[in-house]
Each structure stands twice: as C-alpha cells, then as structure tokens.
Amino acid sequence: MRGLRFAAIATFSLLLVMLVLVGYLFLTARVEVVDIQAQGVSAANDTAAFKTLKTSIDQETFYGTLYQKPHQWKDESEYVYITYTLRIRNNCLVPIDMLEAQVVPQSEDILQLADLHVKSLDLKSEGDLKVTILTTKDAHPVREMIVTYYLWGVSGNVKAVLGQS
C-alpha cells in the first residue's frame, strides 16, 4: 500500500513538472524581428546588372517576385535597390528550419530579388535575414515585411515595419 502511495505521489509530481515545462515552452517560444535596417543603392552603380535584370523581366525569365512590369523603362539612375537587413531572434528551444521574408510592396515598387540560400536559425539565437527590392529613386524606405519561419515543418509568420520593430 505504501508503494502505491509513493508511486501516485511521484507520478503526480512528474505531471506537475511536465505541465510547468510545457507552459514555459509555450510562453517563451517566440520568433521576433528585433531590428530592421535599410540601405539604398542606385541602380546606376551597376549598369550591367541592371540591364541584365531588365532583360530577364522583358523576356519573362526573371526569378523572384515581380510586383509590376514597367510599361516603359526609365534610365537606371531613376531606380534604386533597397536592401533590408532584418535581425531575427529565435526564443524557442527548437531550431528554425527555414526563414524567408517578403516585402509588402508600395505602388512604386518593381520587384523583390530572389534569395536562393536557405536560412536557418539555431535555438535561442539571433541572425540576419536580407531582402532586396527595386523601386523608384524617390520612394521612401518604410515597408512592411512578413517573415515566414518553419519549426518542425509547421509555418508561422511575424510582421514587422521599418522603424517599428
């Protein structure tokens, strides 16, 4: 009889410890965008790359996200590449299998360049994720970004805005 009582107390204690651990995991398991930096570079700085990009769009061989195809291309000095660097923090006790970011476009945005490298993030760590768009030179850099991540094959999303991270 004492053995059963001891087993019941041990089992109940183990159940309480497991419930506390699971609660801790759910309360602290968060993926956050902790910082966003933006840097603009004129497309005129690399004329050859811009012409190659323009040709791939015109020939419909562009690989990336095309927001809109310009009816008439302007001079390359009228366009700018804006590269966003997002600092991502993985507060989970599970590594992130894959990270990707998508910029929510403004009306003047042309495209988002594809990033063919798979990004992952270890548990309880931080890392940078870069995304580049092509837009007109007079466009402001404030954009909303949607970061999609995969934990154990299950996707999640985090939204962030430049200046509001």
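The values are calculated or read from the model by the stated rules, or taken from the named source; none is laboratory data. These figures come from a predicted structure and were not determined experimentally. Ligands, DNA and RNA are excluded from the accessible area calculation, which covers all protein heavy atoms including side chains. Shrake-Rupley method; radii C 1.70, N 1.55, O 1.52, S 1.80 Å.
The residues of the chain present an accessible area of 64 Å² per residue when probed at 1.4 Å with all protein chains retained. The C-alpha atoms of the chain define a longest principal axis, and helix 47-58 lies at about 80 degrees to it.
Taking only the C-alpha atoms of the stretch 41-106, Rg followed by Dmax gives 16.2, 50 Å. Principal axis analysis of the Cα atoms in the chain yields extents of 88, 31, 23 Å, listed in decreasing size. For the pair Asp35 and Tyr63, the difference between a 0.36 nm per residue extended length and the Cα-Cα distance amounts to 7.3 nm. Here the chain has 57 percent of its accessible surface on carbon and sulfur atoms, given a 1.4 Å probe and all protein chains in place. Our estimate of slack between Lys159 and Met18, defined as 0.36 nm per intervening residue step minus the Cα-Cα distance, is 47.6 nm.
What separates the Cα centres of the stretch 109-145 and the stretch 1-67 is a distance of 14 Å. Seen against the Cα atoms of the chain and their longest principal axis, helix 2-28 is set at about 20 degrees.
Restricting attention to the chain, lysine pairs at least eight places apart or on different chains and with alpha-carbon atoms under 17 angstrom apart total 10.
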